[in-house]
Amino acid sequence: MTRTFTAPDTIRTRFSEAMSAMYRVEVPLYGDLLSIVAEVNARVLADRPDLAAEMASTDELDRLDVERHGAIRLGTAAELSMMRRAFAVMGMYPVGYYDLSVAGVPVHSTAFRPIDDAALAANPFRVFTSLLRLDLIEDADLRAEAAAILSNRRIFTDDAVRLIERDEAQGGLDDADADRFVMALLETFRWHGDARVDAATYDRLHDTHRLIADVVSFRGPHINHLTPRTLDIDAAQAAMQARGIDAKAVIEGPPPRAVPILLRQTSFKAIEEDVTFPGDQPGQHTARFGEIEQRGAALTPKGRALYDRLLATARGDRDGQGEPYADRLAATFAAFPDTIDALREQRLAYFRYDLTAAGQRLIATGVQPAGDITGWLAAGYVRAVPIVYEDFLPVSAAGIFQSNLGGAEQHSYAASAAQAAFEDALGDKVQDELTLYAEAEARSMIEVQAALRGVAAA
């Protein structure tokens, strides 16, 4: 008898919903963010029926309300390797390498996420996963102490490990096992306020870097933020401030644009939470926060190079230090084309091509059009829709981290990338996000060409 396995997309949705429910209880302000985002998105879609129609036709609308990204910080290579295997059960794979030492944050990271079009449409849940860089802790004694503390903790339950192994052996999980897996893995992400180190050790770790204390001092990598997607982050930021939520002053990423690109992020400051040190000694810990994001078009290597250059200019503009950063950023990014046609013609962004109603009618007539994609776009047979950026930005992520670790706006960064070491710990290669976008664009172009050029033969 053939076994029936639950689809990874379904398991991923169950897990993301369970995580969201748990985090809403643990950090009630997250519920406020969900409320703000729902209100802003409803208003944007009502005011822009063209956007609503476009998102509906590209499966973006269905996924909007369920879309989240989370973030965790791990301490050891073994934890990262097992986390990779856990996410694989849910159809999530490591994409991209991020060096957050650019902001003096001693971690490097990847994003576990779905990678094919259908899986992204079903639920694009992502988890930005960081690994502590013990090699960046300058104090050798503290570095050794942190390594020793991390070496004997176990962040996965026995049930979670057993079900991961069962999924690997069988090629999937049945429905009951899928539910058990979700509940077992959720324990890894749950907040536990009982510290594994005494107060004096916590203070030494904290004085070196708050993030080191967060990773080393507790028995699991509690989810440190969960992020809904908005269609207007400026409106969401204003709504947070209107409700008295302590939002960060600067929205990370590009400025507001007619055609959004990449990723814009904001957050409320990390909350203080009660913790208990051994001996029932009370204390407080600050690490977890709430974030909102707005996603735009994925950029090609050419577009990304232009973005990075303009961002560096805005951040490093010493002559404009008296000018608000947002104004500096907007003025600098005036050099980045801001129409669909310009982005496509200059090969600055990736696009997904599909047939319009006119193209569908043309196929029905049996007429095969001459020309290529460019001509078909001009004739209205084909449309080009920007591919949504599914990934992250290291400077923006570092800016969010710094803001929630007590830092201010930064203007210069020094990188310390170690991708090979990260992949050794991961037990796999990270996938290149630009390759994934290029492949998605190429697939859509091939499908359109086949449809239009094949009508005569049909």
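The values are calculated or read from the model by the stated rules, or taken from the named source; none is laboratory data. Just so you know, these numbers come straight off a predicted model, no measurement behind them. Note: ideal-geometry Cβ built from the backbone for every residue, glycine included; neighbour counts use all protein chains shown. To get the accessible areas, we keep the full protein, side chains included, count just its heavy atoms, and leave off ligands, DNA and RNA. Shrake-Rupley method; radii C 1.70, N 1.55, O 1.52, S 1.80 Å.
Please specify each residue of the stretch 366-415 satisfying the condition of being of a type in the set (S, T, N, Q), modelled with pLDDT under 65 and either within 30 Å of residue 441 (Cβ to Cβ) or over 19 Å from the mean Cα position of the chain (by Cα) (or both).
Across the stretch 366-415, the qualifying residues are 396, 410, 412.
Scan the stretch 119-145 and report the pairs whose first residue is farther than 30 Å from residue 58 by Cβ and whose second residue is of a type in the set (Lys, Arg) and in a helix (DSSP H, G or I), with Cβ atoms within less than 7 Å and a gap of 6+ or a chain change.
From residues that are farther than 30 Å from residue 58 by Cβ, the pairs are 134/143; 137/143; 142/204.
Looking at (1) touching a helix residue (DSSP H, G or I) at 6+ places or on another chain (Cβ under 7 Å); (2) more than 22 Å from residue 337 (Cα to Cα), which is the only condition residue 262 fails?
(2)
Can you run down the residue pairs with Cβ atoms below 9 Å, 6 or more apart or on separate chains, where the first is in the stretch 336-347 and under 13 Å from residue 378 (Cα atoms) and without any contact (Cβ under 8 Å) to a residue 12 or more places away in the chain and the partner is open to solvent by less than 40 Å² (accessible area, probe 1.4 Å) and part of a loop (DSSP other than H, G, I, E, B)?
345/337
Of 162, 229, 257, which residue is of a type outside the set (Asp, Glu) and open to solvent by 50 Å² or more (accessible area, probe 1.4 Å)? Walk me through how you get there before you give the answer.
Numbers: 229 fails: open to solvent by 50 Å² or more (accessible area, probe 1.4 Å); 257 fails: open to solvent by 50 Å² or more (accessible area, probe 1.4 Å).
Result of the check over 162, 229, 257: 162.
Here are some conditions: (1) charged (D, E, K, R); (2) farther than 30 Å from residue 161 by Cβ; (3) touching a strand residue (DSSP E or B) at 6+ places or on another chain (Cβ under 8 Å). Residue 59 meets all but one. Which one does it not meet?
(3)
Conditions: (1) open to solvent by 10 Å² or more (accessible area, probe 1.4 Å); (2) under 22 Å from the mean Cα position of the chain (by Cα); (3) over 30 Å from residue 349 (Cβ atoms); (4) among the basic types (Lys, Arg). Residue 288 meets all but one. Number of the miss?
Of (1) open to solvent by 10 Å² or more (accessible area, probe 1.4 Å); (2) under 22 Å from the mean Cα position of the chain (by Cα); (3) over 30 Å from residue 349 (Cβ atoms); (4) among the basic types (Lys, Arg), only one is false for residue 288: (1).
Quick one: which of 361, 352 is modelled with pLDDT of 90 or more, open to solvent by 50 Å² or more (accessible area, probe 1.4 Å) and touching a Ser or Thr at 6+ places or on another chain (Cβ under 7 Å)? It would help to see each step written out before you state the result.
Details: 361 fails: touching a Ser or Thr at 6+ places or on another chain (Cβ under 7 Å).
That would be 352, the only listed residue that is modelled with pLDDT of 90 or more, open to solvent by 50 Å² or more (accessible area, probe 1.4 Å) and touching a Ser or Thr at 6+ places or on another chain (Cβ under 7 Å).
Kindly indicate whether any position in the stretch 37-45 is under 22 Å from residue 421 (Cα atoms) and modelled with pLDDT of 90 or more. First the steps, then the outcome.
So the first thing to find is which residues in the stretch 37-45 are under 22 Å from residue 421 (Cα atoms), and the list is none.
No, the stretch 37-45 has no match at all.
Give me the residue from the stretch 237-254 that is open to solvent by less than 10 Å² (accessible area, probe 1.4 Å) and touching an Asp or Glu at 6+ places or on another chain (Cβ under 9 Å) and, out of that set, farthest from residue 391 (Cα to Cα).
Among them, the one singled out is 240.
Tell me, yes or no, whether the stretch 197-214 has at least one residue that is in contact with a Phe, Trp or Tyr (Cβ under 6 Å, 6 or more places away or on another chain) and open to solvent by 30 Å² or more (accessible area, probe 1.4 Å).
Scanning the stretch 197-214 turns up at least one residue that is in contact with a Phe, Trp or Tyr (Cβ under 6 Å, 6 or more places away or on another chain) and open to solvent by 30 Å² or more (accessible area, probe 1.4 Å).
Yes or no: the stretch 44-60 includes at least one residue that is over 29 Å from residue 134 (Cβ atoms), under 20 Å from the mean Cα position of the chain (by Cα) and open to solvent by 60 Å² or more (accessible area, probe 1.4 Å).
The answer is yes; a qualifying residue exists.
Can you tell me which of (1) surrounded by 13 or more Cβ atoms within 10 Å (Cβ to Cβ); (2) farther than 20 Å from residue 394 by Cα; (3) touching a Leu at 6+ places or on another chain (Cβ under 8 Å) is the one residue 335 doesn't meet?
Single failed check for residue 335: (1).
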